[in-house]
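Structure record follows, encoded as structure tokens.
The values are calculated or read from the model by the stated rules, or taken from the named source; none is laboratory data. Everything numeric here is computed off the predicted structure, so don't read it as measured data. Here the Cβ is made from the backbone with ideal geometry for all residues, glycine too, and neighbour counts use every protein chain on show.
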Amino acid sequence: MSWGLEIVKAVGLTIAVFTFLAVVAAMLGVLLERKIGGWIQSRLGPKHVGPQGLLQTVADTIKLLQKEHIAPRAADTAIFNTAPLIVAVAGLLDWIVIPFGPNLIVRDLNIGVVFFAAMASLTVVGILVGGFASNNKYSLLGGLRSASQMISYELPLATALIAVAMQAGTLSTLGIVNAQAQRGWFVFLQFPAFVIFLIAATAEVNRVPFDLPEAESELVAGYFSEYTGMRFALFQLGEYAEMFAMAAMATTLFLGGWRGPILPPVIWFLLKMYLIVFLLMWTRWTFPRLRLDQLLNLSWKLLLPAGLIWILITGFFITFF
Amino acid sequence: MGELAAFIILSAITLASAVVVVTSGNIVRSALSLVPTFLGVTGLYILLQAEFVAGIQVLIYAGAITVLILFVIMLTEGGTGLRVRQTNEQVPLSILAAAVLAVLLVGVLAQAPWPRAAELLPQYTASGIGEALLTNLVLVFEVTSLVLLVALMGAIIVARRER
Amino acid sequence: MQVGLTHFLVVSALLFCLGLYAMLSRRNAVAILMGIELMLNAANINLVAFNKYVAPAALNGQVFALVVITLAACEAGVGLALVMAAYRNLETVHVDEINVMKW
Amino acid sequence: MLLLDWLYVGVFAVVGLGMAALPMAIVWALAPRVAHAQKRLTYESGVVPFGQAWAQFNVRYYLFGLIFVIFDVEVIYLYPWAIVFQRLGKFAFVEMLIFLTILLIGLAYAWRKGALEWA
């Protein structure tokens with residue numbers, strides 16, 4: 001085993017995954033979001049750039065690349081410039097443990113699920129300091145709100161992850177998918193965990209109905225109000241990468257990952273992932289925004305106790321039956 | 001060879017960002033530098049084959065404690081305290097104390113004849129940790145939960161404004 | 001050259017001394033707590049390093065590292081709560097200005 | 001193999017940082033730079049900003065952060081338990097029951113004390 005070769009391979013994979021995220025998650029994701037939004041609200045959505053508006057986000061990206069970078073004079077420039085990088089890289093690292101197919105996984109870490117939770121929690125730091133460094137009232141309030149929301153929903157997310165890990169008896173994502181080959185999709189066995197995971201994942205990525213941090217009508221754009229051009233795009237990239245990672249994780253944990261008849265595994269995986277993404281977008285265009293106190297109550301008084309009790313129930317059944 | 005390089009890089013990251021943590025005049029920057037410090041320590045755990053501890057290090061230190069520290073900075077002085085003197089008049093004395101301790105510790109540690117065990121650590125340790133916690137060290141495990149409970153209660157009482 | 005126990009111990013000792021320096025020289029209570037976190041991290045490196053090189057038969061070192069992380073979290077929670085309380089009552093987080101018990 | 005696994009993680013972090021910073025170079029090369037006095041003013045709905053944004057906020061944020069840290073630490077003990085409890089049987093389950101009960105008491109206490117209320 002030669003270390004040099006492995007490093008070259010790892011660099012290649014990083015570039016591949018990053019490009020995949022930028023194209024499939026961010027560009028296609030934004031386009032889908034607008035198209036689905038238009039469809040749900042009986043309008044057309046983007047239509048002019050390219051056939052059926054397919055190239056709209058490509059045009060947007062090129063536009064953003066030419067935009068001047070503006071940092072407010074009052075901002076703490078060093079931190080201001082670092083924050084989007086943290087968010088983008090944390091979004092990228094999530095994908096290391098996602099299995100696209102039996103052999104299509106960057107690395108099957110033995111503690112895959114813990115790793116996923118840890119990387120998701122790193123995003124909070126980027127958002128918090130991004131909001132702080134802007135030295136803007138909306139940004140700071142958005143950053144604080146965002147951080148308190150994300151930390152509140154990290155715990156229910158973790159309880160769902162643990163319930164699945166208990167059922168599968170392993171923390172590795174590949175192991176969890178293989179366990180579902182024998183016991184059926186965990187969406188049936190672990191339905192409460194699935195619901196908790198979906199709600200918590202929606203909140204983790206700050207989407208409607210949990211989009212308080214960037215509530216356009218109250219806080220301008222939340223923690224990234226002051227970010228322009230490519231730095232704004234990096235925040236968007238991180239957010240969409242995170243959202244797709246959550247969808248991919250839901251697929252892996254509950255929907256049997258890449259498994260399915262006839263079609264090749266990757267296709268199955270992407271189909272299931274896009275199904276969850278569609279579900280998230282559907283929610284976005286259907287529900288109104290929650291109030292901050294409702295949001296926190298939902299997490300602390302309902303989801304967290306429910307998650308812990310569900311862990312006990314799962315443990316009870318596995319131990320005694 | 002590769003291991004040594006990784007060790008040097010990780011220690012350099014850890015120590016360099018720790019220096020920023022302890023010397024920066026801007027408290028937010030010092031709190032933010034905690035993140036690379038903790039990540040560097042995470043890397044050292046990996047080199048020591050403590051994979052699970054490494055994951056927890058990121059989850060708790062980088063993801064939770066740093067956020068809590070940032071919260072408190074923003075809730076107390078925040079940016080308004082940026083131009084305030086951060087060090088007291090004991091700086092020369094502290095440098096001396098830290099340097100003396102460093103020389104002493106490094107001198108002792110380098111010379112001590114540490115016993116070397118023959119056996120090797122298992123490659124993957126997460127399940128081993130679980131077994132140890134639930135069998136031999138079960139008392140530690142349960143007492144930990146009590147400590148957590150007491151810390152939670154105490155901190156709520158202290159931090160809250162009684163009405 | 002192989003990476004041995006001493007390497008890790010030296011890094012951990014240096015980290016500990018940096019934490020000590022922060023504790024002794026900082027005025028801001030939050031910065032002092034950050035110094036303590038660094039020192040606890042240094043202790044953790046030692047625990048895990050001894051586990052690998054000296055006593056690999058059992059995983060007690062790693063379990064204790066987990067316990068130390070737990071205690072660090074409790075310490076941060078309670079310590080920062082005290083900082084908040086002090087700030088509310090005395091309007092300062094600088095430990096050299098918190099001197100109500102001095103005479 | 002463990003080190004190899006994490007070598008990938010390290011490379012991902014470093015190269016990912018580089019790739020995320022790369023567009024900045026393009027921006028630096030392509031984007032115009034026009035100095036204008038009001039451009040770098042903090043945005044505050046179009047009016048001239050007053051005061052510092054870095055003001056003090058509600059202690060609530062801290063309370064939620066605190067409860068989060070405590071429960072996050074609790075949850076880390078569930079991960080190793082989750083993968084071994086099938087092998088260890090009833091004893092392990094009872095231990096976790098005690099552990100979780102103590103922490104649910106903590107949650108109930110925080111709830112009762114009103115630390116979970118926003119208003």
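When D:Met96 is tested against (1) within 23 Å of B:Ile157 (Cβ to Cβ); (2) touching a residue at least 12 places away in the same chain (Cβ under 8 Å); (3) over 23 Å from the mean Cα position of the chain (by Cα), just one condition goes unmet, and that condition is (1). With respect to (1) farther than 30 Å from A:Leu292 by Cβ; (2) buried (at least 24 other Cβ atoms within 10 Å of the Cβ), the lone exception for A:Ala201 is condition (1). Might you let me know whether the range A:43-53 holds any residue that is out of contact with any His (no Cβ under 8 Å at 6 or more places or on another chain), surrounded by 14 or more Cβ atoms within 10 Å (Cβ to Cβ) and among the basic types (Lys, Arg)? Within the range A:43-53 (the criterion being out of contact with any His (no Cβ under 8 Å at 6 or more places or on another chain), surrounded by 14 or more Cβ atoms within 10 Å (Cβ to Cβ) and among the basic types (Lys, Arg)), the answer is yes, since at least one residue qualifies. Of everything in the range A:268-300 that's surrounded by fewer than 20 Cβ atoms within 10 Å (Cβ to Cβ) and either among the aromatic types (Phe, Trp, Tyr) or touching a Phe, Trp or Tyr at 6+ places or on another chain (Cβ under 7 Å) (or both), which residue is nearest to A:Gly256 (Cα to Cα)? Only one residue fits best here, namely A:Tyr274.
Is it the case that C:Ala57 is in contact with a Ser or Thr (Cβ under 8 Å, 6 or more places away or on another chain) and either more than 7 Å from every other protein chain (Cβ to nearest Cβ) or surrounded by fewer than 21 Cβ atoms within 10 Å (Cβ to Cβ) (or both)? Considered against the rule, which asks whether it is in contact with a Ser or Thr (Cβ under 8 Å, 6 or more places away or on another chain) and either more than 7 Å from every other protein chain (Cβ to nearest Cβ) or surrounded by fewer than 21 Cβ atoms within 10 Å (Cβ to Cβ) (or both), C:Ala57 comes out as no. Name the single residue, out of those in the range D:101-119 being without any contact (Cβ under 8 Å) to a residue 12 or more places away in the chain and hydrophobic (A, V, I, L, M, F, W, C), that is farthest from A:Phe321 (Cα to Cα). Per the criteria, the residue is D:Ala119. Within the range A:91-107, one or more residues are at the interface with chain D (Cβ under 8 Å from one of its Cβ atoms), surrounded by 14 or more Cβ atoms within 10 Å (Cβ to Cβ) and not in a helix (DSSP H, G or I).
The rows are residues; the columns are (1) farther than 25 Å from A:Met166 by Cα; (2) touching a helix residue (DSSP H, G or I) at 6+ places or on another chain (Cβ under 6 Å); (3) touching a residue at least 40 places away in the same chain (Cβ under 8 Å).
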| position | (1), (2), (3) |
| --- | --- |
| A:Gly238 | yes, yes, yes |
| A:Ala241 | yes, yes, yes |
| A:Phe244 | no, yes, yes |
| A:Ala248 | no, yes, yes |
| A:Thr283 | yes, no, yes |
| A:Gln294 | yes, no, no |
| A:Phe316 | no, no, no |
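For the range B:118-127, the tally of residues that are farther than 13 Å from C:Asn60 by Cβ and either surrounded by 15 or more Cβ atoms within 10 Å (Cβ to Cβ) or within 7 Å of chain D (Cβ to nearest Cβ) (or both) stands at 4. Restricting B:Leu109, B:Leu133, B:Leu101 to those that are at pLDDT 90 or above and not assigned by TED's automatic domain parsing to the domain that holds B:Pro36 reduces the list to B:Leu101. Report, by residue number, each residue of the range D:87-116 that is more than 7 Å from chain B (Cβ to nearest Cβ) and either among the aliphatic types (A, V, I, L, M) or closer than 12 Å to A:Leu308 by Cα (or both). Of everything in the range D:87-116, those that are more than 7 Å from chain B (Cβ to nearest Cβ) and either among the aliphatic types (A, V, I, L, M) or closer than 12 Å to A:Leu308 by Cα (or both) turn out to be D:Val94, D:Met96, D:Leu97, D:Leu100, D:Thr101, D:Leu104, D:Leu107, D:Ala108, D:Leu116. Going by what's in this entry, would C:Ile69 be described as touching a residue at least 12 places away in the same chain (Cβ under 8 Å) and either over 20 Å from B:Thr87 (Cα atoms) or of a type in the set (Ser, Thr, Tyr) (or both)? In short, yes. Of the residues making up the range A:262-294, those that are among the hydrophobic types (A, V, I, L, M, F, W, C) and modelled with pLDDT under 85 are A:Ile262, A:Leu263, A:Trp285, A:Phe287, A:Leu290, A:Leu292. Mind listing just one residue for me: the one in the range C:66-103 that is hydroxyl-bearing (Ser, Thr, Tyr) and part of a helix (DSSP H, G or I) and, of those, nearest to C:Leu40 (Cα to Cα)? Here the answer is C:Thr70.
Within the range A:137-155, is there a residue that is in a helix (DSSP H, G or I), without any contact (Cβ under 8 Å) to a residue 40 or more places away in the chain and surrounded by fewer than 22 Cβ atoms within 10 Å (Cβ to Cβ)? No, every residue in the range A:137-155 fails to be in a helix (DSSP H, G or I), without any contact (Cβ under 8 Å) to a residue 40 or more places away in the chain and surrounded by fewer than 22 Cβ atoms within 10 Å (Cβ to Cβ).
Per-residue answers, yes or no, for (1) at pLDDT 85 or above; (2) of a type in the set (A, V, I, L, M); (3) over 25 Å from B:Leu137 (Cβ atoms):
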{"residue": "D:Phe57", "(1), (2), (3)": "no, no, yes"}
{"residue": "D:Tyr61", "(1), (2), (3)": "no, no, yes"}
{"residue": "D:Phe68", "(1), (2), (3)": "yes, no, yes"}
{"residue": "D:Phe99", "(1), (2), (3)": "yes, no, no"}
{"residue": "D:Gly106", "(1), (2), (3)": "yes, no, no"}
{"residue": "D:Tyr109", "(1), (2), (3)": "yes, no, yes"}
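Within the range D:75-85, one or more residues are over 26 Å from the mean Cα position of the chain (by Cα) and at pLDDT 70 or above.
The rows are residues; the columns are (1) more than 24 Å from D:Phe85 (Cα to Cα); (2) loosely packed, with under 14 Cβ neighbours inside 10 Å; (3) at pLDDT below 80.
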{"residue": "B:Leu59", "(1), (2), (3)": "no, no, no"}
{"residue": "B:Leu82", "(1), (2), (3)": "yes, no, yes"}
{"residue": "B:Ile129", "(1), (2), (3)": "no, no, no"}
{"residue": "B:Leu139", "(1), (2), (3)": "no, yes, no"}
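Scanning the range C:1-31 for residues that are more than 7 Å from chain B (Cβ to nearest Cβ) and surrounded by fewer than 20 Cβ atoms within 10 Å (Cβ to Cβ), we see that the one that is nearest to B:Thr76 (Cα to Cα) is C:Gly4.
Which residues, taken from the range A:168-186, are facing chain D (nearest Cβ under 9 Å) and over 22 Å from the mean Cα position of the chain (by Cα)? Hits for the range A:168-186 are A:Ala168, A:Gly169, A:Thr170. Among the residues of the range A:122-137, those that are more than 8 Å from chain D (Cβ to nearest Cβ) and among the hydrophobic types (A, V, I, L, M, F, W, C) comprise A:Leu122, A:Val124, A:Val125, A:Ile127, A:Leu128, A:Val129, A:Ala133. Being polar (S, T, N, Q) and more than 12 Å from chain D (Cβ to nearest Cβ) is the filter here, so list the residues in the range A:262-306 that pass it. Once the filter is applied, which keeps residues that are polar (S, T, N, Q) and more than 12 Å from chain D (Cβ to nearest Cβ), the range A:262-306 yields A:Thr283, A:Thr286.
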